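Derivation of every value follows stated rules applied to the coordinates shown; laboratory data play no part. None of the values given here were measured: they were computed from a predicted structure. Because the Cβ atoms are built from the backbone with ideal geometry, glycine has one as well, and the counts that use them run over all protein chains shown.
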Amino acid sequence: MPCRAEVALIPAGELNAAVSSGTHTIAIVDVQGGQDFARKHIAGAMNAPYHAIAGAGLPKDRTIVLYCGEKCPLSHLAAKELEKAGYADVKVLAGGLDEWERRGFAVEAGGLTLPPKRAAKWGTVTAAALKKRLGSGGPTVIDTRPAQEFLAGRVPGARNVPLERLKELADGIPAGSELVVYDRDNTRAVRAVRMLAEKGFAVLELSGGLQVWTAARYPLEAGAAK
């Protein structure tokens, strides 16, 4: 995990003052997955998941302020990627969205259309919460990456159901199963969650995907599934 002290921080109060002034040249970017962004984000923020941040086309003539949760490493990882891509003025919101809310600053929801009648069965789960439930009758974990990536390293006990074959293979998942889905690409993960939710499964997206799992140094499993 990167050293957070290496990344410039901006306090929530300072950012809110800049936004409230109406004269700021700041782009606020939520680097979490699409479902987390849709559930709640800083008012006026844009969504650019951290794994694709360098290619998101963010303006280089503005201060870029990145954020996620207070204990989430994604904003710091994304800041490093932007610096490598030539962005000169990148900061991370100190305390993330949690601190922003504690200060009572504006948040909003939306930005992603959830399947009608299925929204209650579609959400997210943190890596820490999933780790606690592994091996104790917890959810079925679905890895929708290609087979070669699955074999290289995955969440222990995960089942490989490549996105390209998800509709075909989903029929083999027992009805009523609680599912957790992840991918290296948030867009793919959201597509998978949507497909499974529409089939009636209770399904969660692993927030931040395998990258957050590995950044937290949680165990990985490799090779053919047991």
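For Glu205, the residues whose amide H sits under 5 Å from its own are Gly123, Thr124, Val125, Val181, ignoring neighbours fewer than 5 places away on the same chain, with H placed 1.01 Å from N. Pairs exceeding a 31 Å alpha-carbon distance, out of Lys40/Lys91; Lys60/Lys131; Lys60/Lys167: Lys60/Lys131; Lys60/Lys167. Considering only Thr187, Gly55, Gly200, and ranking their Cα positions along the charge dipole of the chain that arises from unit charges at the beta-carbon of Lys, Arg, Asp and Glu, the one farthest toward the positive end is Gly200. Our compactness index for the range 1-110, the C-alpha radius of gyration over the empirical 2.2 N^0.38 Å, is 0.96. Express the relative contact order of the range 4-108 as a whole percentage, based on alpha carbon pairs under 8 Å and six or more residues apart in sequence. Result for the range 4-108 is 36 percent. Karplus-derived 3J(HN,Hα) values for the range 149-157, using 6.51 cos²θ - 1.76 cosθ + 1.60 with θ = phi - 60°, are 6, 4, 5, 6, x, 7, 5, x, x Hz; glycine and proline are entered as x. Please determine, in degrees from 0 to 90 and to the nearest 10, the orientation of helix 186-198 with respect to the longest principal axis defined by the Cα atoms of the chain, where the helix direction is its Cα long axis. The angle comes out near 50 degrees. Note: the chain, Cα convex hull, 131 Å³ per residue. In this Cβ point-charge picture (+1 for Lys and Arg, -1 for Asp and Glu), the chain has a dipole of about 560 debye about its Cα centre. Secondary structure note: in the chain, about 10% of the DSSP beta bridges are antiparallel.
Positive-end ranking of Ile173, Ala152, Thr126 along the dipole of the range 119-215, with charges on Cβ about the Cα centre, is headed by Thr126. Separation of the range 67-108 and the range 140-177, taken as the distance between their Cα centroids, equals 31 angstrom. Using C-alpha pairs under 8 Å with a sequence gap of at least 6, the mean separation divided by the residue count of the range 127-226 gives a relative contact order of 34 percent.
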